[in-house]
Each structure stands twice: as C-alpha cells, then as structure tokens.
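Right, one structure below, let's go through it.
The values are calculated or read from the model by the stated rules, or taken from the named source; none is laboratory data. Model, not experiment: these values are computed from the prediction. Note that we place each Cβ from the backbone using ideal geometry, even for glycine, and neighbour counts take in every protein chain shown. When the accessible area is computed, the model is the full protein with side chains, heavy atoms only, and any ligands, DNA or RNA have been set aside. Shrake-Rupley method; radii C 1.70, N 1.55, O 1.52, S 1.80 Å.
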Amino acid sequence: MATMIPAVSWLRACWTLLVCCLLTPGVQGQEFLLRVEPQNPVLPAGGSLLVNCSTDCPSAEQVTLETSLSKELVDNGTGWAAHRVSNVTGNSRILCSGYCNGSQIIGSTGITVYRLPERVELAPLPPWQPVGQNFTLHCQVEGGSPRTNLTVVLLRWEEELSRQPAVEELAEVTATVLAGRGDHGAHFSCRTELDLQLQGLRLLVNTSAPRWLRTFALPVTPPRLVAPRFLEVETSWPVDCTLDGLFPASEAQVHLALGDQVLNATVTNHGDMLTATATATARADQEGAREIICNVTLGGERLEARKNLTVFSFLGPILNLSEPSAPEGSTVIVSCRAGARVQVMLDGVPAAAPGQPAQLQLNTTENDDGRRFFCSAALEVDGEFLHRNSSVQLRVLYGPKIDRAKCPQHLKWKDKTRQVLQCQARGNPSPQLRCLKEGSSQEVPVGIPFLVNVTHNGTYQCQAVSSLGKYTLVVVINIEARNSHFVPVLLAVLTTLGVVTVVVALTYVFRARKQRGLYHVRQESPSLPLTSMPTEAMREEPSRVE
C-alpha cells in the first residue's frame, strides 16, 4: 500500500529540484552569452577588422557573424567563428548569433569609423594689411569624423590664436587678429585635431598650407621732392625724393618721372626712411611747363609729390669780332646775339628788342689792344630772369715803340757801380729791345742790373724790333772815372789837416807858457802882444803846479 506524502513536503522537494536544475551547468534552460571581440572597435574609413564570435555553450552550433558589411570567414570551431570585415566606410553595428541547446543566442558591438578632414584650408590673407588694423582668419574644414572629437586650431607660427570645435560637416572657423609690424612675414595656418586617445589611438593632426602676411605702414605726409624750377634743354640736374615713416621701406616701389619720361632712380633706405635719386635730362621736345613726379607705392597705396618745372632753351650770348686780330687803324665790328626771347646788351647798350643782336663799330688804335668787350643776355623764364655773360678780347696789331718818358736819353754813371738801364718798348706783337753802342757790337743789358765801367761810356742805339717794323732811340751814357776828383780832394784834406795841426800846436804852447808865467798880457796894448817877464820876477813868484 503506497505511502502517502504530505503536500507541504512535496512542494518543498519540487522547489529544490528546480533550483538545482537552473544552477547546474549543462542543464537544459541555462543561459549562455555570445561574445563579440573586439568590443567597440575604432578604425579608419575603408579599413578592415577581424571579428571573433564565441560562446561557452558546449552545444553551441551555427555561430556566425551577421552584418551588411563585406565579410569573409577566416576560421571556426565549436562555439566560435572568426570573420574578417573589410571596407568599413561608416559607423555600423555587427551581430554575432548562434544556437545553444536549440535556443538562439546573440551578441553585438558598434564599429566607429574615423576620417581625417578631406579639406583643411586657410582662406587667402590680404596682400597687404595696414599696421594697427584688424583682419580675420577664415579656416574651412570639410569632412572628418567623429565630429565630436574634431577641433580646429588657428595658428600664427606655433602660437594658438583660436581653438574651436568643428560642428558642421562644412565648418568655418574664424579669428580676428590685430596686425602689427611684427606680423610682417608671419606664417599663419589652420590645424585640425582628431582626438581618439580615449579609444586607445593617438591625436591625429591635419594642417593647412601656410599663408604669409605682409603688413605695412605709410606716413600721413607726402614725399619730400627736391627738384629744380628750371631746366635747360640738353642739361641735367639731380632729383631727390625722400619719404620717412615708411614700413617696410625696403619693399616700397618708387616712380620718378619728368613728364612722361621715366627717370632711372637709385633707391636706398635706412630704417623707415627711403630716398630715391635720379638725374633729369631735358629734351628739346619737352620745352615748356612740365612736372617732376615722385610716386611711392606700398601695400597697394600710393603717396605722391609733384613739382612744376620749366624746360627752356637759352642760346647765347654769342659774342663775335669781325677781326679778332686787327691792324692799327682798321675798322672792327663787335656783335652779340642770342636765341629767341633773349635780350642782349653789349657794353651797356641794349639791343633794339629781345631776339635782336647788338653791335658796335670802332677804328682801332694801339690803346684798343687787349680791350675786352662784354655782352650780357637775359631770358625771362616763369617770371624770373636768367642771366648769362660773355666777353671777348680784341688784339690790335701795331709797330714797336719806345716810351721816351720811361727811357732817359742822357745818363751819367760812376765807374765801378751797379746800374740799370730802364727802357721799355711796346708793340703787338711784342718787340725785342736791344741797346748797342755805336761803332761796336757792345751791348748794354736793358732792365737788368750790371756793373758799369769806363768802357760803357758812349752813344747807344736802342732799337725795338718786331715783325711790323723798327723803332730807334739814341741814349748817351757818360761814365765818370773814380781818380778825376782824387787830387783836389786830397789837397783839400791835407790843407785842412795842416791848419788843424797849427792851431792845436799854438794852443798847446800858449797854455804851457801861461801855466809857467812866462808870458803876460799888456793891458794897454790893443793887439795883446806876448812879452817875456824879468828873471827877478820869475824868481820872486813861486811856481804853480796844476
């Protein structure tokens, strides 16, 4: 007879059996997972990936990879399968599936595809940017994913000017920059940064082609132009054009011109100063009012200076003698002429009208030899008179002459003395003057000191000779010999010495006798005779010693 089991005990036994079935491996109804490796892979667009699908279910079957991507089975086994997925061009999910104990099991993962931007371009910069003014950098970024990891950086050299995320598919990032002198020649660029470091990859960078900036500064004042007011045809004059406060002065362009004639300028710069120098040469076809022009161009801007210049033609004065070397007594015509509009004046006498010649006529004399004639010319140019002068010297030909006033005809010299025969001759051509003694070839030098002796005594023919004739003047020279006055002088000297000696002797004797008392003076005698004293008196009077 069967044993009856209580209902409570039966329920407890069923619960224990269910738990044991659920927890024991291999028991029907246990859940097994299908793993997909690698999880959440990141690969470049168009890349390939080896995907492994696996499970721990011992009875797993039909494990495979489900995807719309191009796949290829590499290998498989119980509970696993490996496939190569290729040409992955976009983000997608892949699914691994299989059966375990008749039940389908699945696993999945997402593939993230990254792309570098297709285009990173910095927009062209201004050809020239004024110093002190703002300009804007524009960077366009096309493509690139994942967008959330993409950043755009604007750079000056390696200095970051702006960092912004790339949001739109065709993103444009801008930055405003204040231009300075230090930005001249600076390198600007745009760089994208795709940050996949959290996904185990590195920071991917893409940089645009660089752009170079040129900055400039111009002064507010125009160039300083130094040029002549007047320039004569076929003459040259320097022209200078200077501008200070120019940056960069070395890159400025200078244009110098005389009207439509471009001048070949030499340009130098020192710091912010630029100097252009050229030589202006006036042509005949430029006669009249013209302009000297100086243009300085930098950064597409131009500063200009202009000066008025008058090109003129000034012919003359041309001074002529009908006979530059005229014989004495001939007629000479002096004429002076000049170009049109030129007023000439000959020796203070003006011509009848501008453009007309001036003339004078004279009968030549020897006084006209060496005479200079002066002609002045005046031309009015742009309200100012320009003057020029010319002179010419007349040569009058006349025969030789000796100036009697400067050549004494009678000379008296002492023997053995140095003398000069002062005679001068004139004439054109200049004559040769010689003084020869009559009847001999002895010559007395003219105008030169010489030692006189008695042989120079006589009459001389002083002749001035030239190709136009001869002029003679007679000069008489008397030489006094030194002994002709010697005897009278000697007698006079001896007589004088004798008288002096007698006087001295008498004076001495008189004084001696007076001292000794040998003589006395008789007062009654008007002739004051000298007499001898008596011997006795001499004895009585004591002698005196002085």
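The table below lists the values:
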| item | result |
| --- | --- |
| Selected residue (only one of Asn478, Asn457 is surrounded by fewer than 14 Cβ atoms within 10 Å (Cβ to Cβ) and over 30 Å from Leu397 (Cα atoms)) | Asn478 |
| Residues of the range 442-469 satisfying the condition of being assigned to a strand (DSSP E or B), under 18 Å from Gln409 (Cβ atoms) and either under 60 Å from the mean Cα position of the chain (by Cα) or in contact (Cβ under 8 Å) with a residue 24 or more places away in the chain (or both) | Val444, Val446, Tyr460, Gln461, Cys462, Gln463, Ala464 |
| Residue within the range 474-495 that is out of contact with any Leu (no Cβ under 7 Å at 6 or more places or on another chain), at positive phi and modelled with pLDDT of 90 or more present | no |
| Any hit, the range 286-298, residues being surrounded by fewer than 15 Cβ atoms within 10 Å (Cβ to Cβ), among the charged types (D, E, K, R) and in a strand (DSSP E or B) | yes |
| Selection count where residues are open to solvent by less than 40 Å² (accessible area, probe 1.4 Å) and in a strand (DSSP E or B), scope the range 135-157 | 11 |
| The listed residue being open to solvent by 70 Å² or more (accessible area, probe 1.4 Å) and out of contact with any Cys (no Cβ under 8 Å at 6 or more places or on another chain), out of Arg224, Arg202, Arg191 | Arg202 |
| Subset tally (residues that are closer than 16 Å to Val120 by Cα and crowded, with 19+ Cβ neighbours inside 10 Å) for the range 172-188 | 3 |
| Qualifying positions in the range 348-388 - assigned to a strand (DSSP E or B) and open to solvent by 60 Å² or more (accessible area, probe 1.4 Å) | Val349, Pro350, Gln359, Gln361, Asn363, Arg372, Phe374, Glu380, Glu384, Phe385, His387, Arg388 |
